[in-house]
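So the structure is just underneath, and the comments pick up after that.
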Amino acid sequence: MPTTKALLTKGAERLEAAGISEAALNCAWLLAHLLKTDRLSMLADGGALVPAGIVADFEKLLSRKAEGEPLAYILGSQPFCGLSLKVDHRVLVPRPETEELVGLAVDFILKSRRGGAPAILDFGAGSGAIALALARRFPAAAVTAAEKSRGALACAEENARALDLAGRMKFLKISSVSDCGGPFDLIVSNPPYIPTGVIAGLDKEVLSEPRLALDGGADGLVVAREIIAAAPTALKKGGALLLELGDTQGPLALKLLDEKVWKERQVIKDLNGKQRFVKAIKK
Ligand code: GLN
């Protein structure tokens, strides 16, 4: 039987040879997952012997990773805002930037002191990440998760049930903000924003995520434009629109926000210093 240390070293070499970044880290996640332990305990006991069955399973997971499958799909879950979300090929893997978007949404709800029960719409909910994090944070909130993809919406509902949040959320299979009801205190969205022409050149890992979650049309702003056009009628006076976009798109999105309708229009940087979020308040 090999030791964990020997397996990890061999596995990392294999992933490196396949051009996978953070090879050692990926290996550690995969082996800890199979050993049903956490990475630190596993690494602290590098001399432990690994049974043959687990060695064989590890080889299989390494092959999937070497093919460029996202780690979160292989593990079947992704941490997000303190929640563990089930993710698979139906949904985009929630990103750390989107946790920052949730942070902006929380700030708005807290600072705007809009009474006890804010109505929140997460448009393009995917795995439900944003909607679920906000429903968990604000137990009185009425949270609607809207999604075009039937598969993604099913995944969001599965997550809500697993987190015991389904009873106080609404799930809509819908492709337009104007069909989502309202009026809302907050519309938040991480829409697909990658320009169609750029998609083919993306990493294999990103390409294994749903195209619908990535493709933002010719300039990447097609869905954002639809949201911005429909938001004024779906929002209450003083309600906020919060979007996550590509790092060059903020100024373009600001131009789409009519000064007569919106105040406090701004682009906000993410923790990497990239222009990432657009915020506007309905007058
Ligand atoms: N709202 C989900 C997320 O941020 C899905 C986004 C998407 O599919 N574009 O992870």
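The values are calculated or read from the model by the stated rules, or taken from the named source; none is laboratory data. Fair warning: this is a prediction, and the values are worked out from it, not measured in the lab. Note that we place each Cβ from the backbone using ideal geometry, even for glycine, and neighbour counts take in every protein chain shown. Ligands, DNA and RNA are stripped out before the accessible areas are found, and what is left, the full protein with its side chains, is counted by its heavy atoms. Shrake-Rupley method; radii C 1.70, N 1.55, O 1.52, S 1.80 Å.
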State whether segment 116-265 is rounded, prolate or oblate according to the following rule on the C-alpha gyration tensor (a ≥ b ≥ c being the square roots of its eigenvalues): a/c under 1.5 gives rounded; otherwise a/b larger than b/c gives prolate, and the remaining case gives oblate.
oblate
Charge tally in the Cβ shell below 15 Å around D219, where Lys, Arg are +1 and Asp, Glu are -1, D219 excluded
-1
Explain nothing, just compute: Karplus ³J(HN,Hα) = 6.51 cos²θ - 1.76 cosθ + 1.60, θ = phi - 60°, for every residue of segment 266-283 in order, whole Hz, x for Gly and Pro.
8, 9, 10, 7, 8, 5, 8, x, 8, 5, 10, 10, 10, 10, 8, 10, 6, 5
Want the number for S208 to A44: 0.36 nm per residue separation, take away the alpha-carbon distance, what's left?
55.7 nm
When the solvent-accessible surface of protein heavy atoms is calculated with a 1.4 angstrom probe, in what order do L43, L241 fall, highest first?
L43, L241
Count the lysine pairs in segment 10-134 that are 8 or more places apart or on different chains: how many have C-alpha atoms under 21 angstrom apart?
8
Counting other Cβ atoms within 10 Å, keep those with at most 13, restrict to DSSP loop, and tell me which trypsin sites (Lys or Arg not before Pro) in segment 42-138 are left.
R113
In sequence order, what are the phi-derived ³J(HN,Hα) couplings for segment 215-230 according to the Karplus relation 6.51 cos²θ - 1.76 cosθ + 1.60 with θ = phi - 60°, rounded to whole Hz, with x for glycine and proline?
6, x, x, 3, 9, x, 10, 4, 6, 4, 4, 4, 5, 4, 5, 8
For segment 151-165, what does the Karplus curve 6.51 cos²θ - 1.76 cosθ + 1.60, with θ = phi - 60°, yield as ³J(HN,Hα) per residue in whole Hz, taken in order and with x for Gly and Pro?
x, 5, 4, 4, 5, 4, 5, 4, 5, 4, 5, 4, 9, 6, 10
Tell me which residues come under 5 Å, amide H to amide H, from R276 once H is placed; ignore anything under 5 positions away on its chain.
I268, K269, D270
For G82, what charge total do you get from the other residues with a beta carbon under 13 Å from its beta carbon, if Lys and Arg give +1 and Asp and Glu give -1?
+1
Working out 0.36 nm times the residue gap between K173 and T196, then minus their Cα-Cα distance, what length gain in nm do you get to one decimal?
5.9 nm
Accessible area (Å², per residue) of segment 75-181, counting only protein heavy atoms and a probe of 1.4 Å:
42
What share of Cα pairs, in percent, lie more than 24 angstrom apart in the chain?
54
